[in-house]
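No lab work stands behind these numbers, since they all come straight from the coordinates. No experiment lies behind these values; they were computed from the predicted model shown. A quick note on method: Cβ atoms are made from the backbone with ideal geometry, for glycine too, and the neighbour counts reach across all protein chains shown.
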Amino acid sequence: MYRSLLMPVLAFSMVPASAHGREVGSMIELRARCNNSSTCHFTGNTVNLELELFNAGSDAVALPIEYYRKRGPKVVLVDNHSGKEKKLRMGPPIVHLVDQMQVLEPGGSVRIPWSVPDHHINTFALRPVDVTAVFSFTINPRMATVGAPSFEAKLRILDARGEMSGH
């Protein structure tokens, strides 16, 4: 009984008092980019990109950054031609990293390299490729449920081969 009462208290002790719950979600921005652009060009190869967690708030926030790095984001690919979606699998949860918090100061950021394998795009998207990749991290991985507050970023992936033939 004590354990079930203690878990919510532990979950909220992970961030400073001024940055609890949904407020953290409004302070932290997740950004996604390829080569400093909000659009990626698909050449038939794996799409390498960078995710950035940026603290746009006025208070420091503690987050499980290493957990995010190792497990990776939740990724949903949306084919912009058909509207069909494909959810990519995440890495396994690494429970011991959930409690290893890293402070992100106001104006500070952490960059996480990531990639979307070409086979996920090739077997899913219509031609020419026009896909939106939606990346997200749950604010509190211990309380990750459907609809749980998260940071989200979108990145458009366009077929470079189709663009080249149009020039």
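Summary of values
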quantity: Compactness index (Cα Rg / 2.2 N^0.38 Å), segment 19-165; calculated: 1.09
quantity: Those aspartates and glutamates that a straight Cα-Cα span of less than 16 Å connects to LYS86, excepting residues fewer than 8 apart in one chain; calculated: ASP118, ASP130
quantity: Size of charge dipole - segment 19-165 - debye, nearest 20, with Cβ of Lys, Arg +1 and Asp, Glu -1, no other charges; calculated: 420
